[in-house]
Amino acid sequence: MSEKNNFFPIGETSKLTGASIYSLRYYERIKLLEPAYIDTFSGYRYYSLDQIYLIGIISLCIELDIPLKKLTQFMGKDGTVDFSGLIAYGKEIAEKKLKTLQKGLKFINDVEQKIAETEKYALGKKVYSRKIPKKYFYVTPCKKSPKNEDLIGVIKDSLSSYYYNDNYDKWIYSGLLEYGFLCEFSSAPPKYYTFSELPENMAVKIKENIMLIPEGTYMCRQSNESAIENAPQIFSKHLKGKDSFLAIETDIFTGSYKIHNPLSELRVIVR
């Protein structure tokens, strides 16, 4: 019986493992996985049963984005494989990737929830009320009729304060933090600000330029354009003559999101 009958041909190995023939030949070239037997006449490659399982581990490492050349560190010249080291390394990478996927899934769920909240209310002049938890805003005073360029500046400032080291998650995954315009209306001239929301733990550390936005039932209205300056007129019936209140305007998520002209929500609460 020919020796090669004790092994799997490269084509069959490819079918069993899902690794392409091209991939198997590449593993051989980088000294990651050399065939168990090579036919001296045909040059055809054959693999052992143990190598079938090893190819499975290699495929898993590829799924985890572990560089193949990194895996060669676990392959000894005498044909031994440091499985303990490889498994420990793979586990570490898998846990990091799982954590990233969990953050991504949470972000998706948060966006889905935000869309559901937004679509409860009809776009237009309809005023509605909803409860909003307390928030911490990093604020910067700005002129009347605030513009997007003012907003970009405060976001940059807040991010530079918030992400001063690598121990904090990226802004995009930080609970869909809000940003926009804020105005304190009173008998005195209104005070306008741009704001970028920060998590409470970070806001407490920064302290400067932080404004605590109270929890409460806000009167709200959706709009396709900025209307914060007109908040006293828009909510006149709901303010019941009170001239001291807080107005907040922020972009909101919708099922069909217009990137260059997103829907915004104007909110007011009597302080």
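The values are calculated or read from the model by the stated rules, or taken from the named source; none is laboratory data. Fair warning: this is a prediction, and the values are worked out from it, not measured in the lab. Because the Cβ atoms are built from the backbone with ideal geometry, glycine has one as well, and the counts that use them run over all protein chains shown.
Quick look at the numbers
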read-out: Any chance Tyr168 is modelled with pLDDT under 85, closer than 19 Å to Lys135 by Cα, surrounded by 15 or more Cβ atoms within 10 Å (Cβ to Cβ) and under 28 Å from the mean Cα position of the chain (by Cα); value: no
read-out: Residue that is modelled with the lowest pLDDT [pool: residues in the range 214-253 that are farther than 18 Å from Lys114 by Cβ and among the small types (Gly, Ala, Ser)]; value: Gly241
read-out: Pairs with Cβ under 9 Å, 6+ apart, first in the range 72-92 and more than 24 Å from Pro35 (Cβ to Cβ), second part of a strand (DSSP E or B); value: none
read-out: Scan of the range 3-22 for residues that are surrounded by fewer than 18 Cβ atoms within 10 Å (Cβ to Cβ) and under 35 Å from the mean Cα position of the chain (by Cα), ordered by number; value: Gly18, Ser20, Tyr22
read-out: Identity of the residue in the range 38-76, of a type in the set (Val, Ile, Thr) and part of a loop (DSSP other than H, G, I, E, B), that ends up nearest to Thr13 (Cα to Cα); value: Thr40
